[in-house]
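As structure tokens, the structure follows; a few thoughts come after it.
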Amino acid sequence: MNHLTRVCVYCGASQGNRPDYIIAASALGSEIAHRGLGLVYGGGSLGMMGAVARAARDAGGDVHGVIPEGLKPKEISGAAIGHLEVVDTMHTRKARMAELAGAFIAMPGGFGTFEELFETITWSQLGIHAKPIGLLNVAGYYDPICRMIEVAIAEGFVRPSYADLLVVSADPAELLDRLSTHRPPESIVQWVKKEET
């Protein structure tokens, strides 16, 4: 069993077009705090980021935001939520969030969330970390990405065992339960067969 102390949540600085997204973000933040876990997130106070952080804080959880100096004016409105660590670049932000977290959850978001999710998956595939990764698949938002992963496996670009790198659920409590016991597959970096000449 994994011993989780902090969960890193990747999500958008926007709130999306469905009330379900903000409701799920608040539910996830509350659930993280009620389990005695800390939240690591992108440091913003707007949209999904703000909702998950406020809910975790309001439920008594430890909240640790990491934000690049250049994004502070764009992603923070009013007072910071929890402890805010200001760093120099996006690369430093992602590395610091990964360092602090024992597991990762991606909620609905845009290009930045996709990039963070896939970088985290790639790092696991390469053996850089062995921390569980989850998708909170609110309202089927991540169904197309799950299908794309199936296509990549079928077409020989992703090893079948790597499908287990991701834990997918629409329910925050179930997702955290599964992440707490999940063991990602071992990294096998050199797996591509050489073409015969």
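Taking (1) within 24 Å of Thr5 (Cβ to Cβ); (2) within 10 Å of the chain's Cα centre (by Cα); (3) aromatic (Phe, Trp, Tyr) in turn, Phe114 satisfies each apart from (1). Against the numbered list (1) part of a loop (DSSP other than H, G, I, E, B); (2) modelled with pLDDT of 95 or more; (3) of a type in the set (A, V, I, L, M), Leu175 comes up short only at (1). Restricting attention to region 103-136 and to residues that are among the β-branched types (Val, Ile, Thr) and not in a helix (DSSP H, G or I), the residue that is surrounded by the fewest Cβ atoms within 10 Å (Cβ to Cβ) turns out to be Ile128. Give the number of residues within region 87-132 that are among the acidic types (Asp, Glu) and farther than 24 Å from Pro144 by Cα. Residues that pass the stated criteria total 2. Give just the number: which of (1) touching a His at 6+ places or on another chain (Cβ under 6 Å); (2) part of a strand (DSSP E or B); (3) closer than 24 Å to Val168 by Cβ does His64 not satisfy? With (1) touching a His at 6+ places or on another chain (Cβ under 6 Å); (2) part of a strand (DSSP E or B); (3) closer than 24 Å to Val168 by Cβ applied to His64, the lone miss is (3). Of all the numbered requirements in (1) farther than 24 Å from Tyr41 by Cβ; (2) modelled with pLDDT under 95, Ala154 misses one, and that requirement is (2).
In region 6-47, the residue that is nearest to Leu84 (Cα to Cα) out of those that are among the charged types (D, E, K, R) and touching a Leu at 6+ places or on another chain (Cβ under 9 Å) is Arg6.
If you check Leu37 against the conditions, is it surrounded by fewer than 22 Cβ atoms within 10 Å (Cβ to Cβ), under 16 Å from the mean Cα position of the chain (by Cα) and at negative phi? When the stated conditions are applied, Leu37 passes them.
The condition of being out of contact with any helix residue (DSSP H, G or I) (no Cβ under 8 Å at 6 or more places or on another chain) and either within 26 Å of Pro184 (Cα to Cα) or of a type in the set (Ser, Thr, Tyr) (or both) holds for Leu126.
Looking at the structure I just gave you, is Arg147 part of a helix (DSSP H, G or I) and surrounded by fewer than 20 Cβ atoms within 10 Å (Cβ to Cβ)? Give the steps one after another, and end with the answer.
Working: part of a helix (DSSP H, G or I): yes; surrounded by fewer than 20 Cβ atoms within 10 Å (Cβ to Cβ): yes.
Yes: the conditions hold for Arg147.
The values are calculated or read from the model by the stated rules, or taken from the named source; none is laboratory data. This is a predicted model, so every value here is computed, not measured. For neighbour counting, all protein chains shown are included, and Cβ atoms are generated from backbone atoms with ideal geometry for every residue, glycine included.
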